[in-house]
Structure formats: C-alpha cells, structure tokens
Amino acid sequence: MPCFGSVQTYKGQNYEKLKKEAKDKGALFIDLEFPPDDRSLFYSQAKLANVIWKRPKQICENPKFFVEGTSSGDVKQGRLGNCWFVAASSCLAIHKDIWHKVIPDAEEQEWDENKPDNYQGIFHFRFWRYGKWTDVVIDDFLPTINDELIYIHSQTKNEFWSALLEKAYAKLFGCYEALDGGELNEALEDFTGGVSVTLDMVKMNLANDAQERATLFARMQKEAGRKALMAASIPAESSEEMEAATETGLVKGHAYGVTAVKNVPLEGSGLFSFFKTEKIAMIRLRNPWGQGEWNGAFSDGSPEWQKISKDDRDKIGLTFEEDGEFWMTFDDYCKYFVQTAICRVVNTSMFSLSKTWHEGLAHGAWKTPGRAGGCINHKETFTKNPQFRFDITEDDDEPMFHLLQKTSRTATGDQEKTIGFSIFKVEKNRRCRIHNHTKQTFMESSAFKNSRSIFLQPALKAGRYVAIICTFDPNIEGEFLFRMYSSSANNFQELTLDKPGKGCLNYCCCCCFGGGARLVTQIQILKAEGLERQDVASGADPYCIISCEREKVRTRTVDDTINPEWNESAIFYRRNMRKPIKIQIWNSNVIRDSYLGKHVFTSTADFNDNIQSLELVGRGKNGEKKPGKLVIKITQSRNLLAV
C-alpha cells in the first residue's frame, strides 16, 4: 500500500481536537466549513425543494455507521448523477484493507448504545489528493426529503457509512453538485493513491478476438489477486441514452463495480472426471443502483446455471436476489461492455512480502513563457515543456506512468485541459534538458485527453529516458503531478538546467572544473560487425566504453554475438575540442575482460552527423588492425542547446 503515515488535514480541521471541543461544550458538532444548507448542495443556482438536513438519529432509530461490516450492497445511488463514485464505493466496500485506510478509526467512530454521551456527531475520512493523504472532517447532517436520504444510501436504512463517505467527498470538491458527472478512475485513485487505466474494449476488438479476451481475462484475474479495484461501463452517446436500459438489462452511461473474476468448472469437470477439466471464464458485477441486472446467459435463475455444480455455485457465492449483483460469461462481458477501469494499488513499502515498486514523484507546472510548449506537433516549442529523466535497469521491467492535472470540479474552478506526455530514449549520461527531440529516439506517447489523469505502461528496455509532459496546445498554464513506478531504482529527476552550469558538481567534467564548455558532442553507438570471435560456442559478449576528456560512458553488454547492436548514445559538453575521443570495444569475461579494438577521433572534422563505419585497431599507439567495424553517428555543435 502507499504510505499513509503522512496525512494532512483539510482546511486545517483536526478530528480529535474538534471532537474534544464538542464534548467539552456538551453539544453535537456542526461543521461551519460545510454547513447543512444549499451552499453545500450546489455551486450553481440549482435548487431542490423541501430539503431538510437531518442527523441519523432524526432519520431512524438505532443508527449505525456499519451494519455487519461493509459489502458492495451497502451503496445505492441517489438523485445525484455520480454513478462513477457509487461504483468506486462498491469496489471499496469489498476491499477491507483499503476501506480501513479511507475510513480510519471505524470502530471508534461507530455509535455506542452503551455510551451515548461519547457520540459527538463528527466523522472523518481520508482521500488521496495529488500525492498526499487528506483527512476530511464532517458533521453527520445529511440532506433528506420526506425523511429519506436523497443521495447515496444503504439497503439497510439504519446504516450510514456510505452516505457519510459521499458527504466527505463532496466537501473535498466543494459541494454535492460537483460530483454530478465524472470518471470512475478519479474516485478509484482517490480511494487508493493507486494508478488507474481505462481500457477501450471496442478498440481492442475484444468481442471478435479470442486471444485478446484471454489476455484481458488473465490480466483482470491477476489484478483481482493484487486487490486492484475494477469497474466497467457502457458510455452513453447522447443525453437521451444516459442511464437508459438496453435489451440485455445493462444500463448506458452507468458504471458497474467488478466484484469477482473467476474460472468456474462446468458440471462433470470435478474430482471424478479425470479427463474433462473444462472451465468457463466468468465475471461478477454489481449495479450501484442495487437493482437492474443482466438478463442474458447466466443471469439470475437462468437455465445455464445447471451446467455448474451446486458445490461450485456455493463456492462462488451465487444468489438469485434482486440486489444488483450478477454473473455473466467473460465472452458476453467483452461483447456488451465498452470500457473497463482498473486501479492498481501500488505497494512501495520496502518491508512488504508482496511485489514492491520504486516510486518517482514530482509536482510541476506549465507556465508561460518558457514552460508551456504544447505537444510534439508544435516542433519549435515542444521541448520547452517540463521534462523528467529516469532510468530503466532491467529489460523485463514493467514501468507505469501516471500524469494527473490539478483542477477543480466546480464551474468556477479551472477546467480540465487536454494533456499527455511523450517518452524518448536519450544518452546514457544525459543530465540536462533536451532541446532537439529529433536527435533522440522516440519511444511512445500517451493518449492526449481532457481528463484528470493519464496512464501509460510502455514496454521499455534498459536505458535512460526522458518524459516530456505537455498540454496539447502551447501557452496553456496549469499544475500537475507526474508519477512513475518501476521494479528497480529509477533515478527519477526533473531536468531543470538547459546546459551544464558553473560549479555544478553533479554534471560532467566541464562542470567539475567550473564550467567553460565550448561545444556539445553527441555520439550514437549503433552496432558493430564481424568482431573477433572469443570462443567457438557464442563468439563474444561485447560492450563499448566511450572516453571524452575526463568522462567515460559504458554501453550495455550484448551476449553471444560478434555482430552486436547497441543503439545507445552519450553526450559530452567539451572544453577542449583538440582532446581526442576514444571508443573501445571489450569482451565481457567472468575473470578478466578482453580487448576487441578501438577507434580514436583526433579531429572534429569527421563529426558530420552521418552514419559512419569505422575501422578498429589494437591498444598500442600504432596498434595493429583488428577484425570488425564499428557503426556510429556523431553530432557536434558550438551551440550547447543543439541537442
């Protein structure tokens, strides 16, 4: 789990202090920061007639924070168009290790019938906001009409945790109306501090591609095992379609919580059927309305359930109640649903027994002039955006990237901008900002959307990279949070310097001696051909060392070949152009590395920005010719901002 140790208070309200003050006064707490009136309901001029704010004890007898714990059935949507939040709350309810973080001190906050004087009408909840956990205090006044809660409520009338959770979330965003319309991944991230992605199942052609369906099913099973929060939806294409039921019973413009992903054995494939092990991929979902279910194959009471043994039906907890929860085959799921949202709870604790991720996190901003250059389509200004360097040290890493813009949900707040980012592979010793992205290797761009957050999980081999974070159009200002997670240390850092500065000891040799760089040289090591064979079986395990003035850069080792491809580069800010540049090729050995050849540049005239095939020589000053050729490309300029 992300670290919950550091928690900030919302609007400076301390739960323990306010509760004690209320107790000392002998009066129930009233939250003046979120008062029980229309200011907490709307930011527009909208109105609801006959709304009366009441405390739970005024609504029912024997109110409870929880009735027999939490379950996905505890959350039913009210009059607010926030099914995205309701579905996320349903997911939250079934992950107790997560809701214990979002709803801290759950037992202490509960009504105690034996100690009624201990109740002060105050609650608190915690949400993840822009990299920090925020503790939100509320009173227990809830909006009602005719003694009925008008927003989220439980199926059990005297249970109030979901209604109070919604109130705290509304306070965080300004009012209840601010929750009307939103994206499911927003609430999932705010409940977990995790990273979420929304998959477009139509674009993935899942309905027609059995292999892709199998891949997604395996992924969702894996994420369910990791306790990821998941949900599904069918977006409405018009206001008329919003929350309209289809002929299958599924509702458009509505989010369903995913509560189970399982392979279920078919009848006859159990213990005594040695040669038949057929299973069917199935998924269980929940309608946050608490009613209205899928009516196709394997719907409640359908004859297909006779294909599943009673024992297996009991194992998966099958019921045929009108509770909004239902099963369907994964094939049908991919056929009828359009989007799947997956929020992975990222574990960064070094003391955990489960997979641990290394986090890189930075707060940044697009500012004019100079740091708001727009997307890669704007070639002249693109590199003026914020840039972040990171390393991938393992080829099989699965790095995740998450960009989140800081905006308000209210009409008076900042509107969401179209945002995204692009990733480039750069020189192994890159420490300054990129100035010409065409001199780097483009890897991948995220989608560009006007949503709160963007997720990308690219396939990156070992090397150094730079992510350029941008709005789609230039000169758009805003603030953001950028995060990455990798399996090993990633050396994540914002790049702020355009070129090495005087006295900057963290930079290359020219800086260590007080700066004075006169030109920049970029060397791209592409490949080698026909190197000297070192053993009969594999040939060689070659790598390169590039030496320039007093800095050395080593490429990775390519195993078992005399024709290695490196496609790696280095950058040098040089004080003395007369100093030679040397490129050596070595063979990696367990005891002692062996020499395969070198090429030495004594003149800068050969730096013509073209691909060159170079002869190799031995170690001596007049070294003998060595087998093989080295293929490189060198770019050099007196303009230190050329690359």
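Just one of (1) closer than 26 Å to residue 448 by Cα; (2) surrounded by fewer than 21 Cβ atoms within 10 Å (Cβ to Cβ); (3) touching an Asp or Glu at 6+ places or on another chain (Cβ under 8 Å) fails for residue 181. It is (3). The set of residues in segment 1-54 being under 30 Å from residue 357 (Cβ atoms) and in contact with a Lys or Arg (Cβ under 6 Å, 6 or more places away or on another chain) consists of 4, 8.
Among the residues making up segment 148-177, a single one is surrounded by fewer than 22 Cβ atoms within 10 Å (Cβ to Cβ) and aromatic (Phe, Trp, Tyr): 173. So is residue 62 at pLDDT below 95, at positive phi and in contact with a strand residue (DSSP E or B) (Cβ under 6 Å, 6 or more places away or on another chain) or not? Spelling it out, it is not the case that residue 62 is at pLDDT below 95, at positive phi and in contact with a strand residue (DSSP E or B) (Cβ under 6 Å, 6 or more places away or on another chain). Every listed requirement among (1) farther than 18 Å from residue 81 by Cβ; (2) under 17 Å from the mean Cα position of the chain (by Cα); (3) touching a residue at least 12 places away in the same chain (Cβ under 8 Å) is met by residue 217 save one, (2). Among residues of segment 401-416 being surrounded by fewer than 19 Cβ atoms within 10 Å (Cβ to Cβ) and not hydroxyl-bearing (Ser, Thr, Tyr), the one that is modelled with the highest pLDDT is 406.
Return the total of residues in segment 42-92 being assigned to a helix (DSSP H, G or I), more than 21 Å from residue 126 (Cα to Cα) and of a type in the set (D, E, K, R). So the count comes out to 1.
Cβ-Cβ contacts under 9 Å between residues 6 or more apart (or on different chains), taken from a first residue in segment 436-454 that is surrounded by fewer than 16 Cβ atoms within 10 Å (Cβ to Cβ) to a second residue that is basic (Lys, Arg), are listed as 438/379; 441/425; 442/425; 450/417.
Conditions tested, residue by residue: (1) closer than 22 Å to residue 182 by Cα; (2) not assigned by TED's automatic domain parsing to the domain that holds residue 162; (3) not β-branched (Val, Ile, Thr).
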| residue | (1), (2), (3) |
| --- | --- |
| 60 | no, no, yes |
| 63 | no, no, yes |
| 69 | no, no, yes |
| 79 | yes, no, yes |
| 86 | yes, no, no |
| 90 | yes, no, yes |
| 97 | no, no, yes |
| 105 | no, no, yes |
| 108 | no, no, yes |
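For segment 471-497, filtering for residues that are within 13 Å of residue 403 (Cα to Cα) and of a type in the set (Val, Ile, Thr) leaves 1.
Got at least one residue in segment 433-449 being closer than 23 Å to residue 368 by Cβ, of a type in the set (Phe, Trp, Tyr), in contact with a strand residue (DSSP E or B) (Cβ under 6 Å, 6 or more places away or on another chain) and not in a strand (DSSP E or B)? Yes, there is a match, as at least one residue in segment 433-449 is closer than 23 Å to residue 368 by Cβ, of a type in the set (Phe, Trp, Tyr), in contact with a strand residue (DSSP E or B) (Cβ under 6 Å, 6 or more places away or on another chain) and not in a strand (DSSP E or B). Applying the set (1) more than 16 Å from residue 35 (Cβ to Cβ); (2) crowded, with 24+ Cβ neighbours inside 10 Å to residue 138 leaves exactly one unmet item: (1).
Taken over segment 522-558, the residue count meeting the criterion of being without any contact (Cβ under 8 Å) to a residue 24 or more places away in the chain, farther than 15 Å from residue 630 by Cα and assigned to a loop (DSSP other than H, G, I, E, B) is 3. Can you pull out every residue in segment 572-619 that is in contact (Cβ under 8 Å) with a residue 12 or more places away in the chain and of a type in the set (Ser, Thr, Tyr)? Answer for segment 572-619, where residues must be in contact (Cβ under 8 Å) with a residue 12 or more places away in the chain and of a type in the set (Ser, Thr, Tyr): 573, 588, 594, 595, 602, 604, 613.
The values are calculated or read from the model by the stated rules, or taken from the named source; none is laboratory data. As the structure is a computational prediction, the values presented were derived from the model and not from experiment. Note that we place each Cβ from the backbone using ideal geometry, even for glycine, and neighbour counts take in every protein chain shown.
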